[in-house]
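The values are calculated or read from the model by the stated rules, or taken from the named source; none is laboratory data. What you see is a predicted model, and the numbers here were worked out from it, not measured in a lab. When we count neighbours, we look across all protein chains shown, and the Cβ atoms used for this are built from the backbone with ideal geometry, even at glycine.
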Amino acid sequence: MTELFKIRVTGALQDVGFRAFIYRLAKELRLTGFVQNSSASVTIEIEGKDKRLKQFLYRLQMEKPTFAAIYSLDYSVHDAKDYKEFKILHSENTGRKTEALSPDIGICNDCLKELFDLHNRRYRYPFTHCIHCGPRFSIINDIPYDRMNTSMKAFQMCPNCHREYDNPNDKRFHDQVNSCPICGPHMELWNAKGEVLSAYNNAIAQAAEAILNGEIIAFKDLGGFKFLANARNEIAVGKLRTRKQKTEKPFALMYPSLQMVKKQFYVSLPEKRLLLSPAAPIVLLERKRGNKLIAENIAPGNPYLGIMLPSTSLQHLLMNELNIPVALSGGNLGSEPICIDEFEAIKHLQNVADLFLVHNLPVARPVDDSVVRMVSGREQILHRAKAYNALPIHINNPAPPMLATGTHSKNILAIRTDKEIFMSQFTGDLETERTYFDFKKGINDIRNLYKVEPEKLICDLDPKFLSRKYANELGNDVIPVQHHYAHVLSCMLDNELEGQVLGVSWDGTGYGTNGAIGGSEFLLTKLDGFERVGHFREFHLPGGEEIARQPRRSALGILYEIFGETVFEKKDLISIQSFSSEELSAIKEILKKKNPSQVACGIGKLFDAVSSLIGLRQVATFQSQAARELEFAINKRSKNFYPFEIGIERPHVINWQPMILAIINDVSKKVNEGYIAVKFHNTLAEIIVKMADKINEQRVVLTGDCFQNKYLTERTVLCLRKEGFQPYWHQRIPTNDEGISAGQLMNIFYADIIKIFSEEGQRIGKICVNGVFKNISLTMLPDAKEGERVLIRDGVPVIKPLSDKKENTQYFR
Ligand SMILES: [Zn+2]
Ligand SMILES: [Zn+2]
């Protein structure tokens, strides 16, 4: 399949033969497109067969010219433009002159050699890096990037370091954060009381020994704390689980070497590139059967594990001592942000960790590890954190500065400058005092870092959400955006789509425009508005808080909708059997009331219900556990699917009843649960194809939590393509709620009024949006003049022209 990769590389790439190298590589692989320098990066658009493009990307990273250094590489896949040849284009000097913030960069090969060279003065120095590698984003407090604006300001360079800093031929020439064992930060190992047990390299050696002996270490990495446990020791992993109250959620693993990873996991070329990339994310890899070299309780029943390789000097030193994989878990409690300060960690994390491996280099903001996986042959970022959160997402249409506060769960903020969107670090679920505090701190941080004074504030529609409440506190002219619509917009942004698409926005919940909870939305979407053209049949959920934890309650809600009260007599159903008779009579009372606030139609709840009906999971220990297990239960290839009905009128209501009845029938006939699971997934894919057909929209955008499901996404993409539709899914912006804030920023846009005229007695303004001319009614804006800029929301100009700045300056007093 012919595709187009849009690649953006930053680093030391000028005057090192980088463009010529790209040209030769493209020619060799018979790819077309162009390479172009701009002030801050190198842009490559490259087109050809998918397999060759992946080789191109891998070789770009691995075979780059000796003196070229890559700080970041991000790319996305698009529809081919049919380039005929490969060209080097003239440099483009537009764009921001100021150097964009650099992400933390994995250690370069040169520095790695120094680290283990007995005769080097940085031998085993845990903060070894050079001008081309090491921490940036996690230690910068303000721009420009000078030592005084970073955490290194507390350390003075020694004469030797100064000499390097002043020498134009040294790789540490003008390295703002240069340091060495004499003058830089150092490591210490503390016990839970904060008493120093050992220091410098002894601290690392002793921590490694403790890990090997099954102890839990809270480790201050460059971006904040993480917990480490011996991944081969079931008792140690179990201890971490109990103490962190993570009963079954999978742990990620750090491996000492790629070699060891390859023995235990399938690693494709793109996955290998990711593991070795300067971004060094956690990559979800499929484990080989019979992989018994790690403890069973790392990720019970999960065929995919999150794997990363050491990328900082500190991680390399530690993994070198250990030489075994370690289980990783964020240094936080519950859904809070990770700890970044060692004194805070001692207080906060002492019930989890036995020992604390810390250092005295302050962390400016929490930066945890990103999570990436391959889906339908493309990279997909599931958790956008380390390395990626310092990178902008480029947009075509300029707009005034805006800030979006995201949503309630998995909160990430987003800020829009002229032609770029930046997403903040991860704040977590806005539930506790601590997360809310960090959320507010994050707003100040992102404004300060990118020097943006937002003129507009965007938030979720749900009035209960703290993200909306806070936005309201900041200013009274806040623009709320519906949750599922924001999901669709974020996926459009990710794929650079303009114009009309059919958005399939599927997740657990989300506050709808009518106040109801949605989650199975088909939204016919344009940048300036949407129409809800379809959703699944609604049903009542019995109970509030317990619903998320009890998939069986979703099953009962659906069954009640089908059978009414007779369902309580159906003792042969597994879901019913799982309740005690007291519980059942209590639930009966709840369902009888038909509480309108407990109506649901989210696909997440459907996954829960099916998982319960086939006996896979009745009570969950973490969010979306039942849905994941249903995906992992798939053990057969099949194209079969269950029957369903689609209502005739818009919005089309999709009736799951025929499917549920067929599933119950399959269960009674003892059909293999893996086969039921695959048929259920196929049914959902089939429904999407049928809806795309009904709405007659060629471009279909898949978004929301549910498309973290690899099988569902890949199956849907396959089915849509087979029927001639063009599917799009998430690549760089997470498909889950982390992506909401970026989508929120796309909801509104600004347009200049080109001409004003009258039509049938009405005042009409002509505007140009994305190259398309359209007319808007100016009834709401009687004073609007030609040449003025207006804000458009849901297709209507709603705000007075922006030239009136008075209303825009009051947000952040
Ligand atoms: Zn280096
Ligand atoms: Zn020094």
Near pairs, Cβ below 7 angstrom, 6+ apart or cross-chain, from the stretch 711-738 (without any contact (Cβ under 8 Å) to a residue 40 or more places away in the chain) to any residue that is part of a helix (DSSP H, G or I) and of a type in the set (Asp, Glu): Cys719/Glu686
For the stretch 284-302, which positions are surrounded by 16 or more Cβ atoms within 10 Å (Cβ to Cβ) and touching a residue at least 24 places away in the same chain (Cβ under 8 Å)? Leu284, Leu285, Ile294, Ala295, Asn297, Ile298, Ala299, Asn302
Val367 versus (1) in a loop (DSSP other than H, G, I, E, B); (2) farther than 13 Å from Lys226 by Cα; (3) in contact with a strand residue (DSSP E or B) (Cβ under 9 Å, 6 or more places away or on another chain): which is the lone unmet condition? (2)
It is to be established whether one or more residues within the stretch 634-648 are assigned to a helix (DSSP H, G or I) and more than 21 Å from Ile688 (Cβ to Cβ). no
Residue check for Glu114: at pLDDT 95 or above, within 19 Å of Ser311 (Cα to Cα) and either assigned to a helix (DSSP H, G or I) or among the charged types (D, E, K, R) (or both): yes
Hits in the stretch 156-170 (condition: within 19 Å of Thr66 (Cβ to Cβ) and touching a helix residue (DSSP H, G or I) at 6+ places or on another chain (Cβ under 7 Å)): Asp170
Does Glu45 count as charged (D, E, K, R) and at pLDDT below 95? no
Which of the following residues is more than 13 Å from ligand 2 (Cβ to nearest atom) and more than 35 Å from the chain's Cα centre (by Cα): Leu212, Leu222, Leu189, Leu197? Leu197
If I ask for residues that are within 14 Å of ligand 1 (Cβ to nearest atom) and of a type in the set (Phe, Trp, Tyr), which ones from the stretch 173-196 would you list? Phe173
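Does Tyr75 satisfy the condition of being closer than 26 Å to Ser138 by Cα, among the hydroxyl-bearing types (Ser, Thr, Tyr), in contact (Cβ under 8 Å) with a residue 12 or more places away in the chain and touching a Phe, Trp or Tyr at 6+ places or on another chain (Cβ under 6 Å)?
yes
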What do you reckon, is Asp170 within 16 Å of ligand 1 (Cβ to nearest atom) and farther than 22 Å from Ala390 by Cα? yes
Filtering the stretch 106-130 down to residues that are within 10 Å of ligand 1 (Cβ to nearest atom) and either in contact (Cβ under 8 Å) with a residue 40 or more places away in the chain or under 19 Å from Ala12 (Cα atoms) (or both) yields Gly106, Ile107, Cys108, Asn109, Asp110, Cys111, Leu112, Leu115, Thr128, His129, Cys130
Give the residue that is nearest to Pro281 (Cα to Cα), with candidates limited to residues of the stretch 101-123 that are within 15 Å of ligand 2 (Cβ to nearest atom) and of a type in the set (Lys, Arg). Arg122
Checked pairs for the stretch 178-191, first over 11 Å from Phe155 (Cα atoms), second within 16 Å of ligand 1 (Cβ to nearest atom) and part of a loop (DSSP other than H, G, I, E, B), C-beta under 6 Å and 6 or more apart or across chains, list as Pro181/Tyr125; Met187/Pro126
Would you point out the residue of the stretch 156-175, among those that are buried (at least 17 other Cβ atoms within 10 Å of the Cβ) and without any contact (Cβ under 8 Å) to a residue 40 or more places away in the chain, that is nearest to ligand 2 (Cβ to nearest atom)? Cys161
Limited to the stretch 131-151, what total is found for residues that are over 29 Å from the mean Cα position of the chain (by Cα) and either within 14 Å of ligand 1 (Cβ to nearest atom) or under 16 Å from Arg365 (Cα atoms) (or both)? 0
Tell me whether the stretch 373-392 contains one or more residues that are touching a residue at least 60 places away in the same chain (Cβ under 8 Å), aromatic (Phe, Trp, Tyr) and over 27 Å from Val717 (Cβ atoms). no
Within the stretch 719-760, restricting to residues that are in contact with a helix residue (DSSP H, G or I) (Cβ under 7 Å, 6 or more places away or on another chain) and in a strand (DSSP E or B), the one that is surrounded by the most Cβ atoms within 10 Å (Cβ to Cβ) is Tyr728
Given the condition free of Cβ contacts under 8 Å to residues at least 60 places away in the same chain, surrounded by fewer than 16 Cβ atoms within 10 Å (Cβ to Cβ) and in a loop (DSSP other than H, G, I, E, B), answer yes or no: does some residue in the stretch 194-208 qualify? yes
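Given the condition among the acidic types (Asp, Glu), surrounded by fewer than 21 Cβ atoms within 10 Å (Cβ to Cβ), part of a loop (DSSP other than H, G, I, E, B) and in contact (Cβ under 8 Å) with a residue 24 or more places away in the chain, answer yes or no: does some residue in the stretch 135-155 qualify?
yes
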Would it be correct to say that Gln55 is over 28 Å from the mean Cα position of the chain (by Cα) and either over 22 Å from Cys133 (Cα atoms) or part of a helix (DSSP H, G or I) (or both)? no
Some residue of the stretch 81-91 being more than 30 Å from Leu449 (Cβ to Cβ), within 16 Å of ligand 2 (Cβ to nearest atom) and touching a residue at least 40 places away in the same chain (Cβ under 8 Å): no
Scan the stretch 455-486 residue by residue and report those that are out of contact with any Asp or Glu (no Cβ under 9 Å at 6 or more places or on another chain) and of a type in the set (Val, Ile, Thr). Ile458, Val478, Ile479
The listed residue being touching a residue at least 40 places away in the same chain (Cβ under 8 Å), under 25 Å from Gly518 (Cβ atoms), surrounded by 14 or more Cβ atoms within 10 Å (Cβ to Cβ) and not charged (D, E, K, R), out of Ile660, Ile634, Ile664, Ile676: Ile660
Determine if the stretch 221-243 includes at least one residue that is over 20 Å from Ile298 (Cα atoms) and out of contact with any Gly (no Cβ under 9 Å at 6 or more places or on another chain). yes
Counting just the residues of the stretch 594-615 that are surrounded by fewer than 24 Cβ atoms within 10 Å (Cβ to Cβ) and assigned to a helix (DSSP H, G or I), which one comes out modelled with the highest pLDDT? Gln598
In this structure, is Arg147 modelled with pLDDT of 90 or more, closer than 30 Å to Ile446 by Cβ, within 16 Å of ligand 2 (Cβ to nearest atom) and not hydrophobic (A, V, I, L, M, F, W, C)? yes
Some residue of the stretch 443-460 being more than 21 Å from Ser138 (Cα to Cα), free of Cβ contacts under 8 Å to residues at least 60 places away in the same chain and out of contact with any Gly (no Cβ under 7 Å at 6 or more places or on another chain): no
